[in-house]
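These notes are about the structure you will find just below.
The values are calculated or read from the model by the stated rules, or taken from the named source; none is laboratory data. The structure presented is a predicted model; accordingly, all values stated were derived computationally and were not measured. Cβ atoms come from the backbone with ideal geometry, glycine included; neighbour counts cover every protein chain shown. The protein model used for the area step is the full one, side chains on, heavy atoms only, and it has no ligands, DNA or RNA in it. Shrake-Rupley method; radii C 1.70, N 1.55, O 1.52, S 1.80 Å.
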Amino acid sequence: MRARRRYSFSRKAKAFSLAEVAITSFLFVLLGVFAADICLLIFGCSVNDKACRDVVRAAAQQGDAAKALQFAIASVKNHKTDGTFISPITLVGGAVNYNDFGGNPPAGQTPYVQVTTKVTVTLPAPLFFFGAGFTNKLDFSQTYTSPIVKTKYILP
């Protein structure tokens with residue numbers, strides 16, 4: 001009887017259950033998919049942020065609104081995405097808010113350019129948090145404002 005107990009204790013200490021392996025492998029797969037979704041979201045947001053900064057910088061270096069829009073569109077086209085998971089970057093409204101106050105800014109105001117860009121991230125797997133399901137498409141938009149570098153001031 002004593003030998004039998006010793007055998008059962010040593011067997012329990014060394015045993016590795018197939019159920020434990022199945023559960024942990026399932027959890028690793030879930031965590032891997034979740035990590036891939038989060039990485040894709042972070043990458044899409046950072047690409048949009050960098051593109052918006054470059055677009056507003058290119059528009060702010062122009063002397064008038066027409067050139068600012070041309071350079072903004074060209075700068076948006078410079079930023080490439082995969083097109084599958086991260087959509088191409090677009091200008092919201094297709095316009096640039098170019099405000100130079102007609103060459104005569106009020107006191108305390110600076111001529112500025114404001115640009116908003118948008119990107120849509122499509123996730124390969126849906127996200128579920130405590131029963132709340134989210135769509136696979138998430139939009140990120142970013143707005144930056146920059147002072148106009150080349151302005152025409154009308155001196156009184």
Identify the residue in segment 102-111 that is open to solvent by 60 Å² or more (accessible area, probe 1.4 Å) and not small (Gly, Ala, Ser) and, among all such residues, is farthest from Ile73 (Cα to Cα). Pro106
Would segment 54-76 turn up any residue that is at pLDDT 90 or above, of a type in the set (Lys, Arg) and under 17 Å from Thr120 (Cβ atoms)? no
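Okay, residues lined up against (1) on the phi < 0 side of the Ramachandran plot; (2) touching a helix residue (DSSP H, G or I) at 6+ places or on another chain (Cβ under 7 Å); (3) part of a helix (DSSP H, G or I):
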| residue | (1), (2), (3) |
| --- | --- |
| Val21 | yes, no, yes |
| Phe28 | yes, no, yes |
| Asp37 | yes, no, yes |
| Leu40 | yes, no, yes |
| Gly44 | yes, no, yes |
| Asp49 | yes, no, yes |
| Gly63 | yes, no, no |
| Ile73 | yes, no, yes |
| Val76 | yes, yes, yes |
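Taking the options Lys80, Lys50, name whichever one is open to solvent by 20 Å² or more (accessible area, probe 1.4 Å), more than 12 Å from the chain's Cα centre (by Cα) and of a type outside the set (Asp, Glu).
Values: Lys50 fails: more than 12 Å from the chain's Cα centre (by Cα).
Answer to the check: Lys80.
Is it the case, given these coordinates, that Ile42 is of a type in the set (Val, Ile, Thr), modelled with pLDDT of 90 or more and open to solvent by less than 90 Å² (accessible area, probe 1.4 Å)? So that I can check it myself, show each step before the final result.
Values: of a type in the set (Val, Ile, Thr): yes; modelled with pLDDT of 90 or more: yes; open to solvent by less than 90 Å² (accessible area, probe 1.4 Å): no.
In short, no.
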